[in-house]
There are 2 protein chains.
Amino acid sequence: MTGRRDYYHDPNAPQATTIVAGGSAIVTDQLGRILLQRRADSGNWALPGGVMDIGETLEQCVIREVREETGLDIEITGLVGIYTDPAHVIAYDDGEVRQQFNITFTGTVTGGELQRSNESTDVRFVHPADLDALPMHETIRLRLRHFAERRSTPYLG
Amino acid sequence: MTGRRDYYHDPNAPQATTIVAGGSAIVTDQLGRILLQRRADSGNWALPGGVMDIGETLEQCVIREVREETGLDIEITGLVGIYTDPAHVIAYDDGEVRQQFNITFTGTVTGGELQRSNESTDVRFVHPADLDALPMHETIRLRLRHFAERRSTPYLG
């Protein structure tokens, strides 16, 4: 596991040197609760997701990451938004400084069993009314807010 | 200008080693004609677009590339689709072998004057009925087809 630090609209953010394509999923259950994991590195609750491997599509990437991080198989059902704000910079312990590039999809569970990975300390479905009380990075709240708005067209930012 | 060769569902394609986030725009005029440029390297007609620079959003990238390649200022009006098929591989003269990652937007002209760049031999608005007769890579035809279908949700592939 690699440690990370998020900088968001922070004048002291280091200069990004990479952009890496990745995605996340907002996966809901029959009760409308949202699948979240609590990151071991930051203690924040976050959406499952990650960056693409060569040889897979972005959708396949998101399905794979959700499986690895939550134990659940999903199918992609739609698109919430494209998040490419250069004011969100992530510095990793290995020295990489990455500019955010995230595409957030919606998904539903098709199989598997809920279990956390070694990158998280907890994984669970959370009721939307309980989101505000959880520690969470502002960029994740933004995506959840766009999802809650049930936009007819994806957010492009 | 860097030369390139596209491989598409080709068993002889080289192994990709990079994924680079980029985008294109389908820009239409008042007559519904589509802005295309004829690539100097391949002779194919293509959509204006390119890959992201650090410090810009994907939308800003597409606006910049359209300006550089066609002389026109545009605004982004919507999303056609996300194209991340690993069976589309692009080999560049400098040795880079890139897996496709393209997000195609719609746009309209807000200013500027039509002029070609040094990467193209022609740039013009083309009537949809005339597209079939132009030499064009299959991946560009796919995006134009999705645009023509006026999908209510973006293509995710």
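The values are calculated or read from the model by the stated rules, or taken from the named source; none is laboratory data. Every value quoted in this text rests on a predicted model; they were computed, and no experiment measured them. Positions of Cβ are backbone-derived with ideal geometry, glycine not excepted, and every protein chain shown enters the neighbour counts.
What to note about this one:
- Condition met for residue A:106 (loosely packed, with under 14 Cβ neighbours inside 10 Å, hydroxyl-bearing (Ser, Thr, Tyr) and closer than 23 Å to residue B:21 by Cβ): no
- Flag for residue B:64 being surrounded by fewer than 18 Cβ atoms within 10 Å (Cβ to Cβ) and under 27 Å from residue A:97 (Cβ atoms): yes
Conditions (1) over 30 Å from residue A:14 (Cα atoms); (2) modelled with pLDDT under 95, marked per residue:
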site	(1), (2)
B:15	yes, no
B:20	no, no
B:26	yes, no
B:29	yes, no
B:34	yes, no
B:43	yes, yes
B:49	no, no
B:53	no, no
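- The residue pairs whose first member lies in segment B:141-156 and is more than 17 Å from residue B:127 (Cβ to Cβ), whose second member is at pLDDT 95 or above and part of a helix (DSSP H, G or I), and whose beta carbons are closer than 7 Å, counting only pairs six or more residues apart or on different chains, are B:155/B:146; B:156/A:59.
- Considering the conditions (1) within 14 Å of chain B (Cβ to nearest Cβ); (2) not in a strand (DSSP E or B), residue A:89 is excluded by exactly one of them, (2).
- Taken together, the residues in segment B:1-46 that are outside any strand (DSSP E or B), polar (S, T, N, Q) and within 14 Å of chain A (Cβ to nearest Cβ) amount to 2.
- Of all residues making up segment A:101-120, the number that are at pLDDT 95 or above and either touching a Gly at 6+ places or on another chain (Cβ under 9 Å) or within 14 Å of chain B (Cβ to nearest Cβ) (or both): 11
- Summed over segment B:140-157, residues that are of a type outside the set (A, V, I, L, M, F, W, C) and either buried (at least 18 other Cβ atoms within 10 Å of the Cβ) or away from chain A (no Cβ under 14 Å) (or both) total 7.
- Looking only at residues of segment A:46-62 that are of a type in the set (D, E, K, R) and out of contact with any Cys (no Cβ under 7 Å at 6 or more places or on another chain), we find that the one that is farthest from residue A:72 (Cα to Cα) is A:56.
- Residue within segment A:32-54 that is of a type in the set (D, E, K, R) and without any contact (Cβ under 8 Å) to a residue 60 or more places away in the chain present: yes
This table checks each residue for (1) buried (at least 18 other Cβ atoms within 10 Å of the Cβ); (2) over 19 Å from residue B:53 (Cβ atoms).
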{"residue": "B:79", "(1), (2)": "yes, yes"}
{"residue": "B:82", "(1), (2)": "yes, yes"}
{"residue": "B:88", "(1), (2)": "yes, yes"}
{"residue": "B:102", "(1), (2)": "yes, no"}
{"residue": "B:124", "(1), (2)": "no, yes"}
{"residue": "B:136", "(1), (2)": "yes, yes"}
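- Test: residue in segment B:64-84 that is in contact (Cβ under 8 Å) with a residue 24 or more places away in the chain, closer than 29 Å to residue A:81 by Cα and in a loop (DSSP other than H, G, I, E, B): yes
- For residue A:98, the conditions (1) within 14 Å of chain B (Cβ to nearest Cβ); (2) at pLDDT below 95 all hold with the exception of (2).
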